[in-house]
Every structure is written in C-alpha cells, then in structure tokens.
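Read-outs throughout are calculated quantities, based only on the coordinates presented, and are distinct from any laboratory measurement. Note that the structure is a prediction, hence the values are computed from the model and not measured. Because the Cβ atoms are built from the backbone with ideal geometry, glycine has one as well, and the counts that use them run over all protein chains shown.
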Amino acid sequence: MYADRSPISPSFTSNPFDRYNTARSMLPEGTGGIGVGSWDRASSRKTGGERKRVVRVIIGSLLIGFVLWFFVRTRQNSSDSYSHSHTAGAGEGKAKHDIVDSGPASIKPPSSSSSSNGDVQDTYSPPAIHHAPAPAPVPAGSTDREQVGKEKASFVMLIRNQELEDALKSMKQIEDRFNRKYKYPWTFLNDVPFTEEFIRETTKRASGKTEYGLIPKEHWSLPDAIDEPKMRAAMKKLEEDKVIYGGSLSYRHMCRFNSGFFWRQELLEKYSWYWRVEPGIGFYCDVEYDPFEFLRVSGKKYGFTITLPEYKSTIPTLWEETLKFMKTNPQYLNSNSSLQYLLEDKDQGKGLDANPEYNGCHFWSNFEIASLDLWRSEAYRKYFDHLDQAGGFFYERWGDAPVHSIAAALFLGTQEVHHFADMGYMHVPWSRCPQPKEFHKYGQCVCPFELKDSFDLSGWSCQPRWWKIAGKEYGS
Ligand SMILES: Nc1nc2c(ncn2[C@@H]2O[C@H](COP(=O)(O)OP(=O)(O)OP(=O)(O)O)[C@@H](O)[C@H]2O)c(=O)[nH]1
Ligand SMILES: [Mg+2]
C-alpha cells in the first residue's frame, strides 16, 4: 500500500484561513514548513554563513557610497538632464526615473533566464513569442464587449448561484490583470438555472460577453450501471475516514462533469481554448500577453500553475484502471510522454509494462488554460469512457485533476504541457508566485506572502519532479 501523502487536510473546516493553517501544520517532520522544500536552489541560498554576510554588507556599503558620490557629481555637472526632477525634490525625481526605466518600452532581454549567483537582474522580457504588445486597456465604463483577443477562447466557470460573491472576486482579478485588454468571453455553467442576480452581477463584472449554460441532466446524474447501495456504502466509509468530500455526491458529479462533460457543453463548441476559473481564487501578477495565443503558437495543449500529490484514498484503483486502458490502447502513449513525472521514485525509468506505481502527482485543475481539442480527442474520450465504466467517480472519489493530469502526461509530449511560472495564483489552501524579483517589477505582482512560502518550494510540491523532466520556465 502507498502512503497517503496529500497535503490536503481531511479535517478542513469551513473557514478558509483555518484550512490554510491546518494544511500548513500538516507538513511532515523534516520538511521544515513551507518554503524549505526539496528545491535545491532555495536551500543552497540558506547555507551562507555569518562571515559571508558581513563581507557582503561591507562591500554593499562601499558600493552604495560610490553610487551616491557618483550621482551627486553627475547632477552637479549636468543639471539639465534631470530638470524635471528638480522641482519635485530628489526622492520623487528618482522614483520617476525608475518608472521610465522599467516601462515596457525600455524592457531588455535578460542575459540569462535565471542567475546562478542569486543576483537580481534589473530587466525582464517575456519569451519572444509573447512579444505582440498587449492591446490598450479598455476605458472604464466602456460598454463595448467586442472581443479584442484573436483566439477562439473563453473563460469557463462551473459554479453555484450561492458562490456569486467569490465568483466576482475571481473575475475582478482576472479582468484587472489580463482580460480588460483582451475582452475574452466568460462561459458560466451550472446544474441548476442561474439566478437573475448571478447573471446581472457577473455580466457587470466581465469586460467581454457572457453566456450561461444549464448542464443537461445526463451529464450530472448517476449512470445506470452504478450500483447505488454499493456507492452509498463507499461514501459512508470515506466520510468516516474523514476524507475530504468523501461523503458528497454533488462533489462526485462535479468531478465526473469536469472530467468527461464540460468540454461537451454546447456553449463551448465554438471554442478551441479555455481558461478554467474557480470562485475565490487569487491572481497576483499582470499577464501582458495572450496565453491562449502563446499555447497555440508554441504548439502546447495544457497549462498549469501548481502541481501536488492527490489524496490517495480518493483514487485507490484509478492507476490500475489506467494501466489496463494503456495495455489495450498502447498507441495513445506519446513517444515523448511525461510518464516519469507520474511514477514513484522506486519506479523511475520504468515503462508501463513494468506496472509502475503512481506517485499521485497531478496538475491542480482549479486553474487550467488548455486546448478543448485535447479532451475532444479519440484517446481522451476512450480513456474517460473506460474510467466511467469502471465506476470510480462514484465508488471511490476520483478527482478531475488526476484524471486530466494522467491523460495530459501520457497522451501529450512533455513539451506540450506548460508551467505558467509567470503567474501568481492562489486557491485555498496553497499559493505560488514567480520567484525572480525582477519579474515582480515587470508583472507588477502583489503576492500576499513571502516568496519563500511559495508552494513550489514546499516539500509537498510535485514541481521538482516536473522541473526534472521539463526544465524550468522563466518565473520559476
Ligand atoms: N453548479 C455547481 N457547481 C459546483 C458544484 N460543486 C462544485 N461546483 C463548482 O465546481 C468547482 C470545483 O468545486 P470546489 O468545491 O471548488 O472543489 P475543490 O476546488 O476541490 O474544493 P474547495 O475549493 O476546497 O471547496 C467550483 O468552481 C465550484 O463552484 C455543484 O454542485 N454545482
Ligand atoms: Mg475550488
């Protein structure tokens, strides 16, 4: 049997901050808390001794002294160069100068994507593919909802009417940080009709068009083949074991819907790409390019922000069923798959024939920017049908996150999966932000936690496993 290593506490309460703290306190002995994870670059920064620090302080003071002396002399010699700052005082003049230097027009490419000595680079330029300048922000109060972005794409939010307030919080951040310039549409889905208030308020908050879909009954109900008493008994057992959402039927419908049906909704037929948004998330940095365009142009199909291990008592037979499926459908395994990211340490290097064990790592699917065609593909449809017939969405509590992730890892090439390391993101109880300080200046990130507490650096994160096979994206 495998150990249950999920960072998600089974004893969550309804207060998000309790949940955050509970989850933090559950970190195992030895990981030293969030931020002292297995990430070698982070821990090596902590090994410098007191002596090194003193030397650094002395050298730093000398440098600052020299820069001040040079600055004063330059101002004396050429008072014309900074004439605009003379009336405002030295402090304000310096601030203006900084703003000019860091503006988009003066951004220069970094000399390397991450500096090995930990120095902060002063400039950042997104990868060349991002270079199409972001459109100008739409003036406040504009009622023109015409899409500016060029992709066939939509935000997608599966949501309950009573989550309106949290939906608006998520939308506000995504709109301010990205969409007010692109005006991509929003698609809301619900298993019951949306209220007038929900439609009115979310439409007010969106810069683009909004559409509201009622999920067909057959996409949100028990399949005939499911043995209900057997399912109820399994639910009771998981509830007794305090497995999060173990006793919830609606949660099971939600996971099955997100796995096999959201991409079949009529409202989404016209799109090729989606950005999944959940209520109550945090989104902390500006996105100055179109991620849909980025994925399309770079030949990628799936993008994530956080990766972590699944709570294994929710998926006892998911991997077994996956192995069965892959044995009868070996043609779907991509020749450059990310299989090793899914495997336990003891099974690293093995192929599927060796029946390796799943380590539970998955892309946290409450955030996804991805291709709808990935789920529409023959491989994924057949995989979903196989899983659905096995019944684990109901007899166990399979989440859409491991289902999507296993499929993306096996059916896509590693290069087709993208870590959006430039995006700051939070879904209770975890959050992450880009690490390089120069990036924060460029992305105007406001991360409400210390960078060392970013989930990527915690002992629970599967990020190092992803880095091992895919390398690091800039922002990591
Ligand atoms: N319409 C509808 N949406 C649901 C239902 N259950 C969950 N959702 C939505 O599905 C998404 C995932 O559900 P969540 O409850 O957030 O599940 P989670 O992210 O695993 O867990 P927490 O966020 O920790 O509660 C969210 O966008 C919810 O609003 C439901 O019964 N009906
Ligand atoms: Mg959620």
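Structural remarks
- Cross-link pairs beyond the 18 Å C-alpha cut-off, checked among Lys324/Lys350; Lys350/Lys382; Lys300/Lys350: Lys350/Lys382; Lys300/Lys350
- Note on Asn336 and Asp227: their simple-model spin labels are 4.5 nm apart, each label 7 Å out from Cα toward Cβ.
- Dipole magnitude (debye, nearest 20) for region 153-470, charges at Cβ of Lys, Arg, Asp, Glu: 360 debye
- Legend: ranking of residues His440, His386 from fewest to most surrounding C-beta atoms inside 10 Å; resulting order His386, His440.
- Listed pairs Lys312/Lys346; Lys150/Lys441; Lys172/Lys217 exceeding 21 Å between Cα atoms: Lys150/Lys441; Lys172/Lys217
- Qualifying aspartates and glutamates (Cα of each under 15 Å from Cα of Lys209; at least 8 residues distant if same chain): Asp144, Glu146, Glu151, Glu175, Glu201
- Whole-number D in µm²/s for region 140-241 (Stokes-Einstein; Kirkwood sum over Cα pairs; 10 °C, 1.306 mPa s): 100 µm²/s
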